């Protein structure tokens, strides 16, 4: 059984770390043992985490600090999390060095792109307006819009489908793609919805939320399965 380190969610108002159950249950459904990590800050903690975990799930959460991609914080950029930015950069760099599998979801795709040299839209409704619903209302397990999958991508090789319907709950997104990454899927308005690192064993990131839809969406399960299989 593979152990997956899951990045914690941080609630500053309640001074707490927490977790959406679907991140853990989705991984358990495909046979993995997910473990919510503490916020790590030291190299010794990082080394221990790398020895214990077979892969890492980068979860959703606060907006990525624009300083990470050398931009000023705009008025519609939301709350940021310096602890998460620091922790995720440590884990991303070391996991890539060791070629340990990574799956990013929502903030995960945004952070990975920014940390590897890309940039972000700080507020899609004002910076990239369209009629695509990127921030849907409940229930969150039903599709909000379609995405088109690049037929040359590993995502297409897995799902065997050029178009799928996904749920969506975000206001930031990939603007300039990192030179280390390749896009795998797009929303109808052109926003990148999935990407991967071709030089890594498995580094995928998606903008939608399989942790909220895995119980009713076969594609969500297939993505979790592929991640764990590579671990």
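Any read-out appearing in this document is the output of simple, stated calculations on the displayed coordinates, not a laboratory observation. It should be emphasised that the depicted structure is a prediction, and the values quoted were computed from it without experimental measurement. Neighbour counts are summed over all protein chains in view; Cβ atoms, including those assigned to glycine, are modelled from backbone coordinates with ideal geometry.
Please rank 231, 106, fewest neighbouring Cβ atoms within 10 Å first, as an exposure proxy.
Numbers: 231 20, 106 23.
Ascending number of Cβ neighbours within 10 Å: 231, 106.
Restricting things to alpha carbons, find the Rg to Rh ratio for segment 25-64 using the Kirkwood radius for Rh.
Numbers: Rg = 12.0 Å, Rh = 11.9 Å.
Computed over Cα atoms, the ratio is 1.01.
Going highest first, how would you order 140-153, 92-105 by mean Cβ packing within 10 Å?
So the order, starting with the most tightly packed, is 92-105, 140-153.
Please give the calculated 222 nm ellipticity per residue for the chain, where each DSSP H segment of at least 4 residues contributes -39500 (n - 2.57) and the sum is spread over every residue; nearest 500 deg cm²/dmol?
Calculated mean residue ellipticity at 222 nm is -9000 deg cm²/dmol.
Note the direction-averaged projected area, equal to a quarter of the hull surface, for the Cα convex hull of segment 1-46, in nm².
3.8 nm²
Counting pairwise Cα distances across segment 35-126, what percent come out greater than 16 angstrom?
54 percent
Counting pairs of Cα atoms in segment 146-231, how many percent are more than 16 Å apart?
Beyond 16 Å sits 51 percent of the P(r) for segment 146-231.
Sort 121, 18, 204 so that the residue with the fewest other Cβ atoms within 10 Å of its own Cβ comes first and the one with the most comes last.
Ranking 121, 18, 204 by Cβ neighbours within 10 Å, fewest first, gives 18, 121, 204.
What FRET efficiency do you get for residue 165 and residue 229 if R0 is 22 Å and r is their Cβ-Cβ distance, rounded to the nearest 0.05? Display every interim value, and only then the final one.
Values: r = 24 Å, r/R0 = 1.09.
The value I calculate is 0.35.
How would you rank 17, 12, 169, 196, going from fewest to most other Cβ atoms within 10 Å of each one's own Cβ?
Ranking 17, 12, 169, 196 by Cβ neighbours within 10 Å, fewest first, gives 12, 17, 169, 196.
What is the calculated FRET efficiency for residue 186 to residue 15, with r their C-beta to C-beta distance and R₀ = 45 Å, to the nearest 0.05?
0.70
If segment 3-230 were replaced by its equivalent ellipsoid, with semi-axes equal to the square roots of 5 times the Cα gyration tensor eigenvalues, what would those be, largest first, whole Å?
24, 21, 18
Suppose each label sits 7 Å from its Cα in the direction of the beta carbon; what would the residue 33-residue 45 distance come out to in nanometres?
For residue 33 paired with residue 45, the spin-label model returns 2.2 nm.
Nearest 5 is fine: what % of DSSP beta bridges in the chain come out antiparallel, could you say?
Approximately 55 percent, going by the DSSP bridge assignments.
Based on the Cβ-Cβ distance of residue 176 and residue 152, what FRET efficiency does E = 1/(1 + (r/R0)^6) give at R0 = 25 Å, to the nearest 0.05? Walk me through the intermediate numbers first.
Numbers: r = 21 Å, r/R0 = 0.83.
FRET efficiency, residue 176 to residue 152: 0.75.
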